[in-house]
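Structure first, then comments.
Nothing in this text is a laboratory measurement; each read-out follows from the coordinates by a stated rule. No experiment lies behind these values; they were computed from the predicted model shown. For neighbour counting, all protein chains shown are included, and Cβ atoms are generated from backbone atoms with ideal geometry for every residue, glycine included.
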Amino acid sequence: MIDAHIHLDQYNDAEIKRIVKNMQFGGIEGLVCVSTNLESSMANLALAERYPETVHPAFGYHPENPLPNEEEVIRLLSWMEREERRMIAVGEIGLPYYLRRRMAKEGRPFDLNAYVHLLERFLSFAGQYGKPVVLHAVYEDADLVCDLLERYRIRKAHFHWFKGAKHTVQRMADLGYYISFTPDLLYESEIMELARSYPADQVMAETDGPWPFEGPFAGQLTQPTMVLKVAEAWAALQGVAPEEARCQLRENTRRFYGI
Ligand SMILES: [Zn+2]
């Protein structure tokens, strides 16, 4: 299988070695490694050089980060242009749902437009180079992102760890967008519901590691081998054999990312 979304650069060196070794034993053949800023993009490119068959890097700026200044944006975009052939996708990009909520709670002002503008620059880059996009856009933000994807004529969109309203889910499914499930598929009823209804040929499995999980994964280091559990849970919800689920999730990921 393939872990369709992981922050491998956020693990320490000993953990990375252990993760790669466990992958080989667990039957995990590849990782889509997303980035959070320029430094993180460079780290993921270095990991792709170290593990060329395994690590497929995506470059971008995580939307839950503080807004970058203009110089940072230009440095990142020009570096991405230079390394364009090395990147599998543009990501992680999107809109800052959790940051915005936190600021609102604290009664602090928040400029969503500046984040929308930043996202548009990445979408324009993706359109120009024909790259898929890895999106962090949940709940009402996903509607806004769908509008932008249509405006920039981007068809290959992966909404990772997605959650949102029924009408948004329907719109995304109809437009052929992909979503992915994390290990919380084993214990979050909202996600199980989504997994039952979303088209089987538009879903993938991910860990978003090193993000920690609860339920049966409490206290464990998040690892790519956990996508095997995600596949098992998805198989049960879909009423198919685990082997069939693993194949389907793997094929979907390979088709979407061209790996
Ligand atoms: Zn992520």
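Results, tabulated for the structure shown:
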read-out: Most positive-pole-ward Cα, Ala89, Leu77, Phe110, against dipole of segment 60-114 from beta carbon charges; value: Phe110
read-out: Computed FRET value (nearest 0.05) for Cys247 with Tyr187, which takes r as the C-beta separation and R₀ as 35 Å; value: 0.90
read-out: Shape metrics for segment 2-257, restricted to C-alpha atoms - Rg then Dmax, Å; value: 17.4, 51
read-out: Local electrostatic count, Cys247, Cβ distance below 14 Å [Lys/Arg +1, Asp/Glu -1]; value: -2
read-out: Point-charge dipole on Cβ atoms (K/R +1, D/E -1) for the chain, about Cα centre, debye to 20; value: 280 debye
read-out: Potential extension, Glu64-Leu144 segment - 0.36 nm per residue separation minus Cα distance; value: 27.2 nm
read-out: Residue order, fewest to most beta carbons within 10 Å, for Ser78, Ser189, Ser40; value: Ser189, Ser78, Ser40
read-out: Cα centroid of segment 133-163 to Cα centroid of segment 185-232, whole Å; value: 20 Å
read-out: Extension gain from Trp79 to Glu214, taking 0.36 nm per residue of separation minus the Cα-Cα distance; value: 44.9 nm
read-out: Placed amide H near His5: partners under 5 Å, 5+ positions off or other chain; value: Val32, Thr207, Asp208
read-out: Within the chain, helix-based [θ] at 222 nm, where runs of 4 or more DSSP H residues each add -39,500 (n - 2.57), nearest 500; value: -15000 deg cm²/dmol
read-out: Relative contact order %, segment 2-257, counting alpha carbon pairs below 8 Å whose residues are six or more apart; value: 19 percent
